[in-house]
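Contents: one structure, followed by commentary.
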Amino acid sequence: MLLTMTTEPEQQIGVGAPDAFQRLWTPHRMAYIQGENKPSGPGADDGCPFCSIPAKSDEDGLIVARGEHVYAVLNLYPYNGGHLMVVPFRHVADYTELDGPETAELADFTKRAMTALRKASGAHGFNIGMNQGQAAGAGIAAHLHQHIVPRWGGDTNFMPVVGHTKVLPQLLADTRKMLADVWPGA
């Protein structure tokens, strides 16, 4: 914790050359970088977090809403506050493997997620998409998931651009409750 602010650069042993930057440490990101919660293989029984999340309570699993074929869950490693994912219950890797009802509910939950995020946080826009396969950047390629990332005018400031750091203003549990409370019905 930073107890005092100074305008003078301070020597910080072990962090490189002294400079005028303050440090914002995000050690929780190391879990993602080191592969925590990543499956050991492509099967549903290989530690797939998207297969194990539905067995948890909504609060423990950060589940915002459950449908018949898919569920909406907060991303543990969000790009922005409110970053949701829509995930089929069935363990499939590719969008083309979804059947008709799964595809329809995934689309419906995407619309509901946008509505809830607009209502709860006033999102101005969204990045929506799927990374299909490791080569395309999928962190968990074996289980399909669609990202819904809320965006606001001016949300790209010096922190992510220069500091390569996102500042999230709310705990994930609080964000989950806020979105679950405004999730639109069927």
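The values are calculated or read from the model by the stated rules, or taken from the named source; none is laboratory data. Just so we're clear, the structure is a prediction, and the values are computed from it rather than from any experiment. Because the Cβ atoms are built from the backbone with ideal geometry, glycine has one as well, and the counts that use them run over all protein chains shown. Only protein heavy atoms, including side chains, enter the accessible area calculation; ligands, DNA and RNA are left aside. Shrake-Rupley method; radii C 1.70, N 1.55, O 1.52, S 1.80 Å.
One table, with the values for the structure above:
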| read-out | value |
| --- | --- |
| Contour minus Cα-Cα distance for residue 52 and residue 95 (0.36 nm per residue) | 13.5 nm |
| Cα-projected label distance for residue 68 with residue 183, points at 7 Å along beta-carbon direction, nm | 1.7 nm |
| Residues with amide H under 5 Å from that of residue 65, placed H, sequence gap 5 or more | 72 |
| Dipole of segment 76-138, positive end: most advanced residue of 85, 98, 114 [Cβ charges, Cα centre] | 114 |
| Global geometry of segment 43-181, whether rounded, prolate or oblate, following the gyration tensor of its Cα atoms and the 1.5 cut on a/c | prolate |
| Fraction of accessible area attributable to carbon and sulfur, segment 47-142 (%, probe 1.4 Å) | 52 percent |
